[in-house]
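Undergrad: Could you have a look at this structure, given as structure tokens, before my questions?
The values are calculated or read from the model by the stated rules, or taken from the named source; none is laboratory data. What you see is a predicted model; the values in this text were computed from it and never measured. Cβ: placed from backbone, ideal geometry, glycine included. Neighbour counts: every protein chain shown. Side chains included, ligands, DNA and RNA excluded: accessible areas come from the protein's heavy atoms. Shrake-Rupley method; radii C 1.70, N 1.55, O 1.52, S 1.80 Å.
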Amino acid sequence: MSFQVRLTIFCMGLSLFALVLGLVRKGRFREELSVVWLLIGLTAMLSSGADVVLDRVAFKLGISYPPVLGFVMLFLVLVFGFLYFSVVASDLKSSLKELAQQTALLEHELKRLSEKISQR
Amino acid sequence: MKTLAIIPAYNEEGTIQEVVMRTRREIPSADIVVVNDGSSDNTSPVAEQTGAMVLNLPCNIGYGGALQTGFRFAAKHGYEVVVTIDGDGQHDPSFAHQLMAVMAAEQADVVIGSRFLQGQYQVGLARKLAIRVFSRMATRYTGTTFTDPTSGFQLLRRRVFSYLALRDNYPLDYPDVNIIMALHKMKFKVVEAPVRMMEKPGGESMHSGLKPVFYVMRMSLAIVMVLLKKV
């Protein structure tokens, strides 16, 4: 891999890392949810020099074209990232349901009590 | 028995008044609560004008979520039995007595009103096939014949709806075979009784496009979860 390519990949990873950090700093991205994206950015930065390791591992696994291994690993990282956020979304949906139901029940109770007070 | 009729409704301003009035006429001993599932039309004010109690969900959480809200209300206010009736006018409230009679005769905990036991209700081929497959699954698992597991016209005893009112014990979308199997696993007695239902007029079909495919996948997973989960 040429130096320019390594530098480009490193800068792309660094940009992602910095972007996510910036979003967290501005309060637009929750810290606990940003960890996955920071890890992806870090992985991208490290991958700029990973070809040395990748080439050896790929050949040992019988993969004749090492970049394929890189793509597979990237794909797995993204899949697990999406899985994590799907779990988060699922939790949020449950919480939203609970809140909506509580709101409806409380609103009804409040209305009933208000009517009772106004009848006195 | 202290009875509550739960009517979940989403954008049913055209039918809700009639549904409430018919329910009141056919089951005069029952209190009525309309659960407005985040409707964007006048479902809520129309329902309130009928004199029914109305629970207004701040956003649309789904048919199952709306029903569960009704269960929570019923559990909190000491009702012994609830009857669930759709707000779109599909269910004929006069058959609630049939459900009550079957509940008493068979000492059942849940009675599901089936539109297929006697009626001529027509459904599309894909839906018919899915209902048949999952009905057979429920029948094999419980030992009781089920023909209409997706029916929303149901009568439930307190011990059942109190359980279903808790946290994630009820699906957000449509209760189906998985609920029947889960209740059977909990040792509740679930039976069917014949009822009459009207064909749903107009509206977007929930069975169009790829929805039946997703429905089959989702239901298969839900059934596996019931079998795997500890009671």
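Undergrad: Taking the Cβ of B:SER39 as the centre, find all other residues whose Cβ is under 11 Å away and add up their charges (Lys, Arg: +1; Asp, Glu: -1). Intermediate results must be reported in sequence, preceding the final value.
TA: On the way: positive: none; negative: B:GLU12, B:GLU13, B:ASP37, B:ASP41.
Residues near B:SER39 contribute -4 overall.
Undergrad: Hey, which lysines would be in cross-link range of A:LYS60, C-alpha to C-alpha under 26 Å, not counting anything within fewer than 8 residues on its own chain?
TA: Once the sequence-local lysines are set aside, nothing remains near A:LYS60.
Undergrad: Going by the alpha-carbon gyration tensor, a ≥ b ≥ c the square roots of its eigenvalues, is the range B:3-228 rounded (a/c under 1.5) or, if a/c is not under 1.5, prolate (a/b greater than b/c) versus oblate?
TA: Rounded, because the longest to shortest axis ratio a/c is under 1.5.
Undergrad: Sort the range B:15-92 into rounded, prolate or oblate with this rule: let a ≥ b ≥ c be the square roots of the eigenvalues of the Cα gyration tensor; rounded if a/c is under 1.5, and if a/c is not under 1.5, prolate when a/b is larger than b/c, oblate otherwise. Kindly include the intermediate steps, with their values, before the conclusion.
TA: Numbers: a/c = 1.57, a/b = 1.07, b/c = 1.47.
Verdict is oblate for the range B:15-92.
Undergrad: Let me understand chain A better: what is its radius of gyration from the alpha carbons, and its Dmax, in angstrom?
TA: Using the Cα atoms of chain A, the pair Rg, Dmax is 24.7, 86 Å.
Undergrad: Using a 1.4 angstrom probe on the protein heavy atoms only, line up A:SER90, B:SER29 by accessible area, largest first.
TA: Greatest to least solvent exposure: B:SER29, A:SER90.
Undergrad: For chain A, with a Gaussian network of springs between Cα atoms less than 10 Å apart, report the residue from A:GLY49, A:GLY27, A:GLY81 with the top mean-square fluctuation.
TA: Result: A:GLY27 has the largest fluctuation of those listed.
Undergrad: Could you compute how fast the protein assembly as shown diffuses translationally, taking Rh as the Kirkwood radius over C-alpha pairs and applying Stokes-Einstein at 37 °C with viscosity 0.692 mPa s? Give it in µm² per second.
TA: Stokes-Einstein gives a translational diffusion coefficient of 139 µm²/s.
Undergrad: Right, here's the next one. For the range A:11-110, which GluC sites (Glu not before Pro) are both in a DSSP coil and crowded by at most 11 other Cβ atoms within 10 Å? The partial results should precede the final answer.
TA: On the way: sites: A:GLU31, A:GLU32, A:GLU98, A:GLU107, A:GLU109; in loops: none.
When the GluC sites (Glu not before Pro) of the range A:11-110 are filtered for loop state and at most 11 Cβ neighbours within 10 Å, nothing remains.
Undergrad: Another one. So which residue, out of B:ALA101, B:ALA75, B:ALA66, gets the largest mean-square fluctuation from a GNM of chain B using Cα contacts under 10 Å as springs?
TA: Result: B:ALA101 has the largest fluctuation of those listed.
Undergrad: Over 19 Å between C-alpha atoms is what I'm after, so list which of B:LYS185/B:LYS211; B:LYS2/B:LYS76; B:LYS189/B:LYS211; B:LYS185/B:LYS229 land there.
TA: On the way: B:LYS185/B:LYS211 28 Å; B:LYS2/B:LYS76 13 Å; B:LYS189/B:LYS211 31 Å; B:LYS185/B:LYS229 10 Å.
Check vs 19 Å cut-off fails for B:LYS185/B:LYS211; B:LYS189/B:LYS211.
Undergrad: Still on this model: May I ask which residue of B:GLN90, B:GLY65, B:SER135 lies farthest towards the positive end of the charge dipole of the range B:47-146, with charges of +1 (Lys, Arg) and -1 (Asp, Glu) on Cβ and the Cα centre as origin?
TA: Of B:GLN90, B:GLY65, B:SER135, it is B:SER135.
Undergrad: Whats the longest run of chain B with zero GluC sites (Glu not before Pro) that are DSSP loop and have at most 12 other Cβ atoms within 10 Å?
TA: Working: sites that count: B:GLU199, B:GLU204.
Of all site-free stretches, the longest is B:1-198.
Undergrad: Describe numerically, in nm with one decimal, the distance between label points set 7 Å from Cα along Cα→Cβ at A:CYS11 and at B:LEU129.
TA: With each label placed 7 Å out from Cα toward Cβ, I get 5.6 nm.
Undergrad: What chymotrypsin sites (Phe, Trp or Tyr not before Pro) does the range A:31-120 have in DSSP loop regions with at most 14 other beta carbons within 10 Å? Walk me through the numbers on the way to the answer.
TA: On the way: sites: A:TRP37, A:PHE59, A:PHE71, A:PHE75, A:PHE80, A:PHE82, A:TYR84, A:PHE85; in loops: none.
The qualifying sites: there are none.
Undergrad: For A:CYS11, what accessible area in Å² do you get when you roll a 1.4 Å probe over the heavy atoms of the protein chains, rounding to the nearest 10?
TA: 60 Å²
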